[in-house]
Amino acid sequence: MALRNIKLTIAYDGSNYHGWQIQPGEVTVQGVITEALKGLLGPRARICGASRTDAGVSALGQVGLIQIDSPIPTENLAKALTDRLPENMAVVQAEDVAMGFDVIGDVACKLYRYTIFCGPVRPVLHMKHCWHIPAGLDTGRMKAAAGLLVGKKDFKSFAAAADHREDSVRTVFRCEVTDASAEGGRWVYVEAEGDGFLYNMVRNMVGTLVEIGVGRWQPEKITEILDARDRRAAGPIAPPNGLCLMWIKY
């Protein structure tokens, strides 16, 4: 049969996985999906992902690419694969794409959302997917700071120290802070949309915005941090469990 290129949109709760990428001795999202693919399509099946989410990070719109020569219709593939996955994973959509499609290189933009709960009592039913901060956050200050992160900039200060890529310039199209009242506190959301992100970049941005939200720094500190091009200039990294990859566009 003719080889087909299939783009998969994948959702998963990352709280029990050691990130996306296959790693020896660790349970990863890519590893679990690969085993399900082998059971469905044969031992040579594999999947390439668009974003290597960290341990504990979830996704509603991760994208994976597979090549198949199976008679299974594309429209049936999402359900057939989901039926072989654990309950904390699902293939949302399967669609045919051209053989030249580059799941990483053709990305136009990605959206990450980070969720924070502010309140004296931890939200026990949501702790796997949020950062609990008992103190209040000044979202007005955080919004002002987030606006300074928008644009084409050198984000070296927000990259993990282990990220040794020479090109640390990225374009952030949107960085917004919103909040909503909740029983016993408030939900605060940070959304970052960009053409790409450095390793730990979004979590480091959120950690810095929280430092500003609790009053330790002024919003203008963002400009100083960007100019430093030094990870030590920015705030602490936010925990992984609050982060979710919402979608990827091509």
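Given a Förster radius of 51 Å and the C-beta distance between Ala2 and Tyr189 as r, what FRET efficiency does 1/(1 + (r/R0)^6) yield to the nearest 0.05? Numbers along the way, then the final one.
On the way: r = 44 Å, r/R0 = 0.87.
The computed FRET efficiency comes out at 0.70.
Counting only DSSP H runs of at least 4 residues, each contributing -39500 (n - 2.57), and dividing by the residue count of the chain, the helix-based mean residue ellipticity at 222 nm comes to -6000 deg cm²/dmol.
With the convex hull drawn over the C-alpha atoms of the stretch 109-249, the volume per residue is 98 Å³.
If you place +1 on the Cβ of every Lys and Arg, -1 on the Cβ of every Asp and Glu, and leave all else neutral, what size is the dipole of the stretch 109-249 about its Cα centre, to the nearest 20 Debye?
Details: 20 positive and 16 negative charges, 43 e Å.
Using Cβ point charges on Lys, Arg, Asp and Glu, the stretch 109-249 gives about 200 debye.
For the chain, the relative contact order works out to 24 percent when only alpha carbon pairs closer than 8 Å and six or more residues apart are counted. Annotation for Lys128 and Glu26: the two label points, set 7 Å from Cα along the Cα-Cβ direction, are 1.9 nm apart.
Treating r as the C-beta distance of Arg165 and Val121 and R0 as 45 Å, the FRET efficiency rounds to 0.65. If R0 is taken as 22 Å, the Cβ-Cβ distance between Asp102 and Leu40 corresponds to a FRET efficiency of 0.35. Taking 0.36 nm per residue of separation and subtracting the Cα-Cα distance, full extension of the segment from Val214 to Arg84 would add 42.3 nm.
A short reminder: the numbers here are calculations on the coordinates, not readings from a lab. These numbers come from a predicted model, not from an experiment. Quick reminder, even Gly has a Cβ in these numbers, built from the backbone with ideal geometry, and neighbours come from all protein chains shown.
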